[in-house]
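Novice: The following block contains the structure, expressed as structure tokens.
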Amino acid sequence: MKFSPKTLLFIVTLAALATSSCSAVTNLLSLPIGQAAKQTLYVGNCGNSSITEYPATATGNVSPTVTISGASTTLGCPYGLAVDKNGNIYVADYSQGTITVFSAGASGNATPARQITGLSTPLGVAVDKNGLIYVTTLNSATVYVFAANASGAASPTSSIDLSGQGFSRSCYLAFDKTGDLWVSDENANHVAEYAPGASGAATPMRNISGGNSQLSGAYGVAVDAQGNLYVGNYGNPSVNVYGTSATGNVAPTREIVGAATTFSSPYIPVIRADGVLLVDDNGTNSVDVFSKTANGNIAPAAAISGANTGISSPWGMAIH
């Protein structure tokens, strides 16, 4: 007897449901879809001075598909990571005072394509659709903007002064799909959204801060395809999610927090193309995986962790 492909898929699915536990059913229903299976996850490891790459759908004690490390890389302590539309990798190297750029496809003991040097402990880096490079540094409430081809001891072409908006330090950066820039401050527990091209003492489009926000050690920021904002908090180990119009002293719509999460020091959230949340945890040397609707005291659906992964004090993460 012959079956159509759809009928075969239905039969295989029923068989899996009949022979699997509840958790296995959950995993089956959470299988990656579309572009998520084609994406790459990049992790910056301060503990072993490396960048490691994995399929975005990887889980378990998996070896990286690519490792960038060695003397020629000049990597010291990678913090912020960004990947541009061409696949070039930008690394904010905290200990080396550089933005180090690797060409797409770089692997092993690779020599950087170029570096922006002379920076004071850079924390975050992001690249806009025009290739402009946005950088934050320790103890500065400023976002510095460099030309797309900046190299060496280049001067910023512009900057955004955050000091008048309640910031004491600019930490992490991320662009949303509309090109708006999001900036966090771990000291003031503050997150702000700026319009494309903002400069000087620009007024943010939105500010989220205050006791109701439940921000505590607010560090990494990410925005999903629907415009929801995710913030990693290491002070109260958690990830907060805010709605598309959230501003001011507003409570999160969701908060992933509690012992079941296994969070120790969650820093950077990133969102897969299918909406699944990935969170790097500096305290457990892992990347935790949560469903796109995760909320409350919930265990990760999976994790990238173990000796084979090469993850060691992960401070930065990006997805492309």
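Novice: Among the residues of segment 19-42, is any at pLDDT 95 or above, more than 25 Å from Val135 (Cα to Cα), assigned to a loop (DSSP other than H, G, I, E, B) and out of contact with any strand residue (DSSP E or B) (no Cβ under 6 Å at 6 or more places or on another chain)?
Specialist: There is no residue in segment 19-42 that is at pLDDT 95 or above, more than 25 Å from Val135 (Cα to Cα), assigned to a loop (DSSP other than H, G, I, E, B) and out of contact with any strand residue (DSSP E or B) (no Cβ under 6 Å at 6 or more places or on another chain).
Novice: Say whether the condition of being crowded, with 20+ Cβ neighbours inside 10 Å and under 18 Å from the mean Cα position of the chain (by Cα) is met by at least one residue in segment 109-123.
Specialist: yes
Novice: Counting only residues that are in contact with a Pro (Cβ under 8 Å, 6 or more places away or on another chain) and touching a residue at least 60 places away in the same chain (Cβ under 8 Å), which one in segment 34-46 is surrounded by the fewest Cβ atoms within 10 Å (Cβ to Cβ)?
Specialist: Thr40
Novice: Another question about this same structure. Name, by its number, the condition in (1) surrounded by fewer than 19 Cβ atoms within 10 Å (Cβ to Cβ); (2) under 24 Å from Arg206 (Cα atoms); (3) hydroxyl-bearing (Ser, Thr, Tyr) that does not hold for Thr262.
Specialist: (2)
Novice: Moving on. Of all residues in segment 126-181, count the ones that are in a loop (DSSP other than H, G, I, E, B) and without any contact (Cβ under 8 Å) to a residue 60 or more places away in the chain.
Specialist: Qualifying residue count, segment 126-181: 30.
Novice: Now for a different question. Mind listing just one residue for me: the one in segment 182-196 that is in contact (Cβ under 8 Å) with a residue 24 or more places away in the chain and outside any strand (DSSP E or B) and, of those, farthest from Asn130 (Cα to Cα)?
Specialist: Per the criteria, the residue is Asn189.
Novice: Checking the structure you have, find out if any residue of segment 286-299 is part of a strand (DSSP E or B) and among the polar types (S, T, N, Q).
Specialist: Within segment 286-299 (the criterion being part of a strand (DSSP E or B) and among the polar types (S, T, N, Q)), the answer is yes, since at least one residue qualifies.
Novice: Against the condition at pLDDT 95 or above, within 19 Å of Ala303 (Cβ to Cβ), among the small types (Gly, Ala, Ser) and out of contact with any Gly (no Cβ under 6 Å at 6 or more places or on another chain), how does Gly108 come out, does it pass?
Specialist: It is false that Gly108 is at pLDDT 95 or above, within 19 Å of Ala303 (Cβ to Cβ), among the small types (Gly, Ala, Ser) and out of contact with any Gly (no Cβ under 6 Å at 6 or more places or on another chain).
Novice: Right, something else. Report yes if some residue within segment 155-172 is under 15 Å from the mean Cα position of the chain (by Cα) and at negative phi; otherwise report no.
Specialist: yes
Novice: Moving on to the next point. Which one of the conditions (1) over 17 Å from Ile208 (Cα atoms); (2) assigned to a loop (DSSP other than H, G, I, E, B) does Ala251 fail to meet, given that it meets all the rest?
Specialist: (1)
Novice: Related question: State which residue pairs qualify: first residue within 20 Å of Thr40 (Cβ to Cβ) and inside segment 289-314, second residue aliphatic (A, V, I, L, M) and in a loop (DSSP other than H, G, I, E, B) in any location, beta carbons under 6 Å apart, and separation of 6 or more residues or different chains.
Specialist: Val289/Ala301; Lys292/Val276; Ile304/Ala58
The values are calculated or read from the model by the stated rules, or taken from the named source; none is laboratory data. Keep in mind the model is a prediction, meaning the values are calculated, not measured. Cβ coordinates were reconstructed from backbone atoms using ideal geometry, including for glycine residues, and neighbour counts include every protein chain displayed.
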